[in-house]
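Enquirer: Okay, handing you the structure first.
The values are calculated or read from the model by the stated rules, or taken from the named source; none is laboratory data. What you are looking at is a predicted structure, and each value in this text was computed from that prediction instead of being measured. Virtual Cβ from ideal backbone geometry, glycine too; neighbours counted across all protein chains shown. Remember, those area values only see protein heavy atoms, side chains included, never the ligands or the DNA or RNA. Shrake-Rupley method; radii C 1.70, N 1.55, O 1.52, S 1.80 Å.
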Amino acid sequence: MAIIGNENKLSESARDFIDEADLPGLLAGNGSTVDDARLDDVIAKSMAKDPLSLEETAVLLAADSPGQVDRIYDAARQLKRDVYGNRIVLFAPLYIGNDCTNDCTYCAFRRSNKEVIRRTLSMDDIRSQVEALENHGHKRLILVFGEHPRYTPDYIAECVRQIYAVRVGQGEIRRVNINAAPMDHAGYAAVKAAGIGTYQIFQETYHRETYGKVHPSNTRKGDYMWRLDGVARAIEADCDDVGIGALFGLYDWRYEVLGLVAHGLHLYKHYNVGPHTISFPRLRPAHGVSLDESYMVDDENFKRLVATLRLAVPYTGMILTAREPPELRREIMAFGVSQIDAGSRIELGGYTEVGDAQVVDREQFELGDIRSLDEVMRELLVDGYTPSFCTACYRLGRTGENFMEFAIPGFIQQMCTPNALTTLCEYLVDYASEETRAAGEKLIEEELDKLPDNKRKAELMDRLRRIRENDERDLYF
Ligand code: SF4
């Protein structure tokens, strides 16, 4: 979100891939209902782990009969298990600064909002926030910045380096992702050099007219094309794990789903890699902001958009955040979510300076779920999920295009499950409450029973022993 360097040089693939004439037509489905045979064909393609086209995704969006919606839900659950097993990767957000030169109508940090407390964490503040996060057991963070000249790529890179250097006890942060404004190539190269994981940029809405309404043209964020092209420039600057997203509730949710799918297809066509993650935050109340609720997405449609995205982009990680309340998160997790945040506080300084209640004049929006990491871990374990803090792929260079090569045949059993179990074991030994430890040890035994007796299982069991008995840490395949 920094304004730097050659601000106008777009990527080699830059073009507006959102065909505003085409998308409404696709959604209208030419006024006809979806026949079951057509729906079966589309679902079969997803179950074969082939990314869907816009037309095929539109079939899922148009399939409205209760029976058809249930079949989409069942398929999404199954595909989640097939590609991601029962793993859920955990992270926490860390807001660094909320100065912003933009004036997005839905955001508490918008420049014209005088009711919010402005702050940028000092390096000492950052260290104390990260120490608190490490003492909770976190290993993966996403840093969030407003868009302001003070948040230059070099400043963001320095924050990243500071965070990797913080170690308390067995604690360390092993992956730092960034949610920041689009940069130019030089900017991305600077943050990449600091060792970031994923660079996330949300288009917020792919509907141009709406985009113009909520992002004033006299602000940097008012430049639709600069933002739409943001992650392509990141990929060209070797930030090959990128994340995209839309803010659901600004415009028709079906349109935004097609926008996200079109974005993924565009990246795949030009860089042979899709987005590493897709996020689907819903509009939330924000301090000093009156929201236009014309397109608010209800829970039933929210479930449908998650299941539809799961089927449309089989290999893209899907992030469900603590914007949503615990009960809904628990239900939607099964539809294809692969990553969640937990124990999250989004107030500036929120991990050491605020109590149980949210302090809304220090937040960008209100959270729906502020349970502790340990509470969320226990619920995941009880529901049969394997919570994971794995960071192996990114640290072994299995990123972007390379990741895809691995992510296909049998990768889960060989890498993901063992790595999830070792990071879970670390959490149980170093941070878990008694109850969570008991639930976790039980799950580890159950997962080991499911694994074939081979060399990899023997290596895994040895690593679990070394974590428990020799105090070894950070053992990954
Ligand atoms: S959404 Fe981001 S860019 Fe827009 S006002 Fe809020 S912090 Fe600034």
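Enquirer: Among the lysines, select those whose C-alpha is under 23 Å from the C-alpha of residue 303, and discard any that sit fewer than 8 residues away in the same chain.
Expert: 45, 49, 80
Enquirer: Once you have a ≥ b ≥ c as the square roots of the Cα gyration tensor eigenvalues for segment 22-79, tell me rounded if a/c is under 1.5, and otherwise prolate or oblate according to whether a/b is larger than b/c. Before the final figure, lay out the partial values.
Expert: On the way: a/c = 2.13, a/b = 1.35, b/c = 1.59.
Since a/c reaches 1.5 but b/c is at least a/b, the shape of segment 22-79 is classed as oblate.
Enquirer: Then there is this: Pairing rule first: another cysteine's C-beta must sit under 4.7 Å. Under that rule, which cysteines of the chain stay single?
Expert: Isolated Cys, the chain: 100, 159, 239, 390, 393, 416, 425.
Enquirer: Please state, rounded to one decimal and in Å, the Kirkwood hydrodynamic radius that the chain gives when every pair of distinct Cα atoms enters the mean of 1/r. Write down the numbers at each step before the final one.
Expert: On the way: mean 1/r = 0.0440 Å⁻¹.
Radius from the Kirkwood sum: 22.7 Å.
Enquirer: What accessible area, in Å² to the nearest ten, does a 1.4 Å probe give for residue 33?
Expert: For residue 33, the solvent-accessible surface is approximately 130 Å².
Enquirer: Please compute the modelled spin-label separation between residue 293 and residue 22, points set 7 Å along Cα→Cβ, answer in nm with one decimal.
Expert: Modelled inter-label distance: 3.6 nm.
Enquirer: Here's another thing I want to ask about it. What nm distance separates the two modelled labels at residue 48 and residue 453, each placed 7 Å from Cα along Cα→Cβ?
Expert: So the label points at residue 48 and residue 453 sit 3.8 nm apart.
Enquirer: Also, I was wondering about something else. For the full complex of protein chains and a 1.4 angstrom probe, list 185, 215, 270 by accessible area with the highest value first. Walk me through the numbers before you get to the answer.
Expert: Working: 185 45, 215 0, 270 75 Å².
Sorted descending by solvent-accessible area, the residues read 270, 185, 215.
Enquirer: Sticking with this one: What list of whole percents do you get for P(r) of segment 73-156, with Cα-Cα distances grouped in 5 Å bins up to the one holding the largest distance?
Expert: P(r) for segment 73-156, in whole percents per bin: 3, 12, 16, 15, 13, 12, 10, 9, 8, 1.
Enquirer: Continuing with the same structure: Using a 1.4 Å probe and counting only protein heavy atoms, arrange 124, 299 so the residue with the most accessible area comes first.
Expert: Listed by decreasing accessible area, they come as 124, 299.
Enquirer: Using the heavy atoms of the protein chains alone and a 1.4 angstrom probe, what is the accessible area of the chain per residue in square angstrom?
Expert: Working: 17560 Å² over 477 residues.
On a per-residue basis, 37 Å².
Enquirer: Once you keep just the Cα pairs under 8 angstrom separated by 6 or more residues, what percentage relative contact order results for the chain? Present the calculation step by step, with values, prior to reporting the outcome.
Expert: Values: 891 pairs, mean separation 93.1, N = 477.
It rounds to 20 percent for the chain.
Enquirer: Let me ask something else about it. Taking a 1.4 Å probe, which of 184, 35, 449 shows the most accessible area, and what order do the others take after it?
Expert: Working: 184 10, 35 90, 449 120 Å².
Ranked from most to least accessible, the order is 449, 35, 184.
Enquirer: What FRET efficiency do you get for residue 372 and residue 65 if R0 is 56 Å and r is their Cβ-Cβ distance, rounded to the nearest 0.05?
Expert: Values: r = 41 Å, r/R0 = 0.73.
E between residue 372 and residue 65, to the nearest 0.05, is 0.85.
Enquirer: Run the numbers for residue 36 and residue 124: contour at 0.36 nm per residue of separation, minus the present Cα-Cα distance, in nm. Working shown, then result.
Expert: Numbers: separation 88, 0.36 × 88 = 31.68 nm, distance 5.91 nm.
Full-extension gain reported as 25.8 nm.
Enquirer: Expressed as a whole percentage, what fraction of the accessible surface of the chain belongs to carbon and sulfur atoms when a 1.4 Å probe is rolled over the protein heavy atoms? Could you put the intermediate results ahead of the total?
Expert: Working: 8640 of 17560 Å².
Exposed carbon and sulfur together represent 49 percent of the surface.
Enquirer: Arranged from highest to lowest average of other beta-carbon atoms within 10 Å per residue, in what order do the peptides 60-72, 170-182 appear? Present the calculation step by step, with values, prior to reporting the outcome.
Expert: On the way: 60-72: 17.0, 170-182: 22.3.
Top of the packing list down: 170-182, 60-72.
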